[in-house]
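Q: My structure is below; once you've seen it, I'll send some questions.
Read-outs: derived from the displayed coordinates by stated rules, not from any lab. Because the structure is a prediction, the values reported are computed rather than measured. Cβ placement follows ideal geometry from the backbone for every residue including glycine, while neighbour counts extend to all protein chains displayed.
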Amino acid sequence: MANLTNNHLSTMFWGTTDPDDFTKGVQHCINAVKAQVGIYAGDNLFTYNRNLSFLEDAPFMAAVEKNVTTEVERAIIWRTSVLLWGVRNGLRLEGDFVEGGCYKGTSVRIVCETVDFAKVGKRYFLYDLFDHDPTMPHHAMPEHSKQLAKSVVDRFADMPNVVVTQGKIPDVLEQVAPEKIAFMHLDMNNAPAEVSALEVLFERMVPGALLVLDDYGWIAYRGQKLAEDSWFAARGYHVLELPTGQGLVIKR
């Protein structure tokens, strides 16, 4: 699909039987839109006549252009902008930031560059297994490997307040974890890991801190939604499902 002014277009849609045909269908819909502005296509989203305010956020878009290297990373920038919103909110609160399931660290890197995190008096704790074998409950990602952990550590070498930890949650949380949390993002692709993270870390979130659950709205990860709905309901919370597929909780 061709790029249009004030739009963000990607060909990355999951769960289609014929990606090329699906993309042509989306392009057909775009062609039928009267005002060719405010169009977002990708990451299983198609919407139009929106402000797409994150596209006008110059520091954010500069960080996106510098760090995005794959079509998947490009497709999900609306999700990344939600994380940025959570981090910006957290900058005014007491506590540090947490990312459970950082993978290559791309989203965190974009956010950190946008807010000049190296100069912020907070720490950003990143956790991941970084590798995969068939015994693990999460599915493999293209760049999982025994070298990925070092790659992510090297990626944040210029930001000493970003703490990268390899290991299984909740085990590693006994060794490395903040006492107070101003923002948390969980993207671990399996219910037991995310619920165990909540068991340890949710009460450490300060009032007003935002929790973003990356997989919450996706059918493929419905097991996480159901487990988390039950966990939060027992504590008097409801998760807000966002159009991006993320879930949002505000700590009271």
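Q: Relative to the longest principal axis of the chain, what angle (0 to 90°, nearest 10) does the C-alpha long axis of helix 58-67 take?
A: Helix 58-67 and the main axis of the chain meet at about 80 degrees.
Q: Tell me, what is the FRET efficiency for SER53 and LYS168 to the nearest 0.05, using R0 = 41 angstrom and their Cβ-Cβ distance as r?
A: Numbers: r = 38 Å, r/R0 = 0.92.
Using R0 = 41 Å, I get an efficiency of 0.65.
Q: Along the charge dipole of the chain, pointing to its positive end and built from +1/-1 on Cβ of Lys, Arg, Asp and Glu, which listed residue (THR69, VAL249, TYR103) has its Cα farthest out?
A: Positive-end residue among those listed: VAL249.
Q: Enter the Cα centre distance for the pair the stretch 9-52 and the stretch 165-220, rounded to the nearest angstrom.
A: 32 Å
Q: In terms of the ratio Rg/(2.2 N^0.38 Å) built on C-alpha atoms, what value belongs to the stretch 160-230? Write down the numbers at each step before the final one.
A: Values: Rg = 12.5 Å, N = 71, 2.2 N^0.38 = 11.1 Å.
So the stretch 160-230 has a normalised radius of gyration of 1.12.
Q: Moving on to the next point. Considering the dipole of the chain built from charges on the beta carbon (Lys and Arg +1, Asp and Glu -1) around the Cα centre, which of LEU211, TYR127, GLN166 is farthest to its positive end?
A: Of the options given, the answer is LEU211.
Q: Just the number, please: percent antiparallel of the DSSP beta bridges in the chain, rounded to the nearest 5.
A: Once the DSSP bridges in the chain are tallied, antiparallel ones form about 30 percent.
Q: Taking the Cα centre of the chain as origin, sum charge times position over the Cβ atoms of Lys and Arg (+1) and Asp and Glu (-1), and report the length of that vector in debye to the nearest 20.
A: On the way: 24 positive and 32 negative charges, 129 e Å.
Approximately 620 debye in magnitude.
Q: Calculate the FRET efficiency for HIS238 and PHE46 from the Cβ-Cβ distance with a Förster distance of 30 Å, rounded to the nearest 0.05.
A: Working: r = 27 Å, r/R0 = 0.90.
About 0.65, to the nearest 0.05.
Q: May I pose another question? Stokes-Einstein at 4 °C, 1.567 mPa s, Kirkwood radius from Cα pairs: D for the chain in µm² s⁻¹? Could you put the intermediate results ahead of the total?
A: On the way: Rh = 19.0 Å.
It diffuses with D of about 68 µm²/s by this estimate.
Q: Additional query: Radius of gyration and Dmax for the stretch 8-47's Cα atoms, expressed in Å?
A: 9.9, 30
Q: With +1 on each Lys and Arg Cβ and -1 on each Asp and Glu Cβ, and nothing else charged, work out how big the dipole of the stretch 42-84 is about its Cα centre, in Debye to the nearest 20.
A: On the way: 4 positive and 6 negative charges, 13 e Å.
So the magnitude is around 60 debye.
Q: For the charge dipole of the chain, defined by +1 on Lys and Arg C-beta atoms and -1 on Asp and Glu C-beta atoms about the Cα centroid, which residue among ASN31, VAL176, ALA227 has the Cα displaced farthest towards the positive pole?
A: Working it through, the farthest residue towards the positive pole turns out to be ASN31.
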